[in-house]
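Working notes for the structure below.
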Amino acid sequence: MAIKNSYLQGVLEDVKKRNPGEPEFLQAVTEVLESLEPVADKRPDLIEAGVFDCIVEPERIIKFRVPWMDDNGKVHVNRGFRIQFNSAIGPYKGGLRLHPSVNESVIKFLGFEQVFKNSLTGLPIGGGKGGSDFDPKGKSDNEVMRFCQSFMTELYRHIGADTDVPAGDIGVGAREIGYLFGQYKKITNEYVGVLTGKGLTYGGSLARKEATGYGLCYFTNEMLADKGDSFKGKTVVISGSGNVAIYATEKATELGGKVIALSDSNGYIVDEDGIDLDLVKQIKEVERKRIKEYVNTKKNAKYVEGCSGIWSVKCDIALPCATQNELDEKAANELVAGGCKLVAEGANMPCTPQAVDVFRKNKILFGPAKAANAGGVATSALEMSQNSMRYGWSFEEVDGKLQGIMKSIFENAAKAAKEYGFEDDLVVGANIAGFLKVAETMKAYGV
Ligand code: NDP
């Protein structure tokens, strides 16, 4: 799709001029503006109010030095980011990513997407994202602790339970959240819900750990049910083997699917008998080892070096749950050739625009990240509610609310797509539904 609306063309040109050398951010903005074209045509009031111009510019970008000392006494310096993108409908909310690939473009794209995703959940949360180019891989617990403490020593002054509430993302799990929360509490002398994804002994929510993966499968189930189908008897390929991938595997299996492949950044495993998830959890969550260890125990399974080949494994359903742009045009064509009927994004922007075009052309059902993986942030918002009440809901209660939220995200995205003449296009539907709530609010506030 290319933008025809001259006003939106101008907005995109300005974004390109203002953000040179930021390919991920420009990719995300282009995709969103393309699908907002029917809204711009119908709603001149939003153009006059300057909403489109404002929504592509973060409210605040915070960038800082993060010095830390390794176990040998050597000093290292990383760069920290927090991008507070939009607080129209609630406090900034979005994860922290620790990965060597982190830079301003990556955090900006994630923060931008988060604005629409959070709006889609129907809960009062704005959008933000943060992180650092620190690589937790191969670091000792003490090194990770010293890094997290240094990171929070700067970040604490910019966040707050009613201002900005970060969470985990790639490289930030329970261990890192513990160190970050501990440091925030130490500095501020406050015990508040300033982070989500916390441990269960200090304000965490039951079902938060499972929420993104489970939510992805609830959303996928809605997509299937809409076409009179279900997970039953379907083969499923999932990329990654981190938080999202593990709990997507668990729920897809519970719903009757058979997950036959998982990966990490080195390679992928295929187990035609169905992935043994207890073994994967032991390798990834307990021992923090590589996915290739799986074949040492499961002799019938195979390991293939290189992660991109995973999409050549024949399947009915593909759930990319690793990282951005991991599924390109070639991979999309391989999926189509292998008979895949549905792709839903567990990771953020894992499919390139060219891959999404292949799915459109071949009538593959496609669930975009901002709708399909919103279960994580939705449950984070439920954690915030529980923290405010100083109360905790049961696993079933949180999981039940999560299911309801994923169902309504699907319904709202499908409805918006139909209303604007793009039936079954959930990319357009999710962008429009997410945008409208934020846009109406921004207009109500005035410039
Ligand atoms: P984790 O760090 O727990 O896991 C990431 C997984 O992806 C690891 O197995 C990692 O392998 C793998 N990986 C990274 N790059 C590649 C690659 N190029 N090819 C194959 N595998 C790769 O992160 P999460 O599971 O939390 O996050 C995964 C994605 O989901 C991200 O895009 C994140 O933004 C998104 N997401 C996460 C949410 C959450 O609640 N956690 C919420 C919404 C979205 P390795 O160990 O080799 O690096």
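Quick notes on this one:
- Test: Ser132 is closer than 29 Å to Asp70 by Cβ, within 15 Å of the ligand (Cβ to nearest atom) and touching a helix residue (DSSP H, G or I) at 6+ places or on another chain (Cβ under 9 Å): yes
- Qualifying residue in the range 139-159 (condition: in contact with a Ser or Thr (Cβ under 8 Å, 6 or more places away or on another chain) and either assigned to a loop (DSSP other than H, G, I, E, B) or open to solvent by 20 Å² or more (accessible area, probe 1.4 Å) (or both)): yes
- Candidate set: the range 335-350, residues that are at pLDDT 95 or above and of a type in the set (A, V, I, L, M, F, W, C); chosen: the one most open to solvent (accessible area, probe 1.4 Å): Ala337
- Among the residues of the range 160-193, the ones that are touching a Gly at 6+ places or on another chain (Cβ under 9 Å) and within 23 Å of Asn78 (Cα to Cα) come to 15 in all.
- Of the candidates Asp271, Asp276, the single residue that is without any contact (Cβ under 8 Å) to a residue 60 or more places away in the chain, more than 13 Å from the ligand (Cβ to nearest atom), surrounded by fewer than 18 Cβ atoms within 10 Å (Cβ to Cβ) and over 21 Å from the mean Cα position of the chain (by Cα) is Asp276.
- Complete set of residues in the range 90-112 that are among the hydroxyl-bearing types (Ser, Thr, Tyr), more than 11 Å from the ligand (Cβ to nearest atom) and over 14 Å from Ala381 (Cα atoms): Ser105
- For the range 150-180, a tally of residues being farther than 17 Å from Tyr92 by Cα and without any contact (Cβ under 8 Å) to a residue 40 or more places away in the chain returns 6.
- Any hit, the range 303-322, residues being more than 15 Å from the ligand (Cβ to nearest atom) and buried (at least 21 other Cβ atoms within 10 Å of the Cβ): yes
- Restricting Gly204, Gly213, Gly173 to residues that are modelled with pLDDT under 95, open to solvent by less than 50 Å² (accessible area, probe 1.4 Å) and within 15 Å of the ligand (Cβ to nearest atom) narrows the list to Gly173.
- Listed by first and then second residue, the pairs with beta-carbon distance under 9 Å, at least 6 apart or on different chains, first residue in the range 54-74 and within 30 Å of Leu8 (Cβ to Cβ) and open to solvent by 70 Å² or more (accessible area, probe 1.4 Å), second of a type in the set (Ser, Thr, Tyr) and assigned to a strand (DSSP E or B), are Glu59/Tyr92; Arg60/Tyr92.
- Each residue in the range 6-36 was checked for being crowded, with 17+ Cβ neighbours inside 10 Å, assigned to a helix (DSSP H, G or I) and of a type in the set (D, E, K, R), and 3 of them qualify.
- Annotation: Ile3 fulfils all but one of (1) open to solvent by 50 Å² or more (accessible area, probe 1.4 Å); (2) part of a loop (DSSP other than H, G, I, E, B); (3) farther than 30 Å from Arg146 by Cβ; the unmet one is (1).
- Taken together, Cys321, Cys315 contain a single residue that is touching a Cys at 6+ places or on another chain (Cβ under 6 Å) and in a loop (DSSP other than H, G, I, E, B), which is Cys315.
- Residues in the range 178-201 that are surrounded by 23 or more Cβ atoms within 10 Å (Cβ to Cβ) and of a type in the set (A, V, I, L, M) were compared, and the one that is nearest to Ser388 (Cα to Cα) is Val194.
- Residue pairs whose Cβ atoms lie under 6 Å apart, separated by 6 or more positions or on different chains, with the first residue in the range 87-98 and in contact (Cβ under 8 Å) with a residue 40 or more places away in the chain and assigned to a strand (DSSP E or B) and the second within 16 Å of the ligand (Cβ to nearest atom) and of a type in the set (Lys, Arg), are Gly94/Lys129.
- Any chance Val115 is more than 11 Å from the ligand (Cβ to nearest atom) and open to solvent by 30 Å² or more (accessible area, probe 1.4 Å): no
- Applying the condition of being under 18 Å from Asn243 (Cα atoms) and not in a helix (DSSP H, G or I) to the range 370-396 and asking which residue is farthest from the ligand (Cβ to nearest atom) yields Ala374.
Let's see how each residue does on (1) touching a Pro at 6+ places or on another chain (Cβ under 6 Å); (2) under 30 Å from Lys314 (Cα atoms); (3) surrounded by fewer than 24 Cβ atoms within 10 Å (Cβ to Cβ); (4) free of Cβ contacts under 8 Å to residues at least 24 places away in the same chain:
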residue: Arg360; (1), (2), (3), (4): no, yes, yes, no
residue: Glu383; (1), (2), (3), (4): no, no, no, no
residue: Asn387; (1), (2), (3), (4): no, no, yes, no
residue: Gly392; (1), (2), (3), (4): no, no, yes, no
residue: Lys407; (1), (2), (3), (4): no, yes, yes, no
residue: Glu419; (1), (2), (3), (4): no, no, yes, yes
residue: Ala439; (1), (2), (3), (4): no, no, yes, no
residue: Met442; (1), (2), (3), (4): no, no, yes, no
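The values are calculated or read from the model by the stated rules, or taken from the named source; none is laboratory data. Worth saying up front: this structure is predicted, and the values here are computed from it rather than measured. Backbone-built Cβ (ideal geometry, glycine too); neighbour counts: all protein chains shown. Just so you know, the surface numbers come from the protein's heavy atoms only, side chains and all, with ligands and any DNA or RNA stripped out. Shrake-Rupley method; radii C 1.70, N 1.55, O 1.52, S 1.80 Å.
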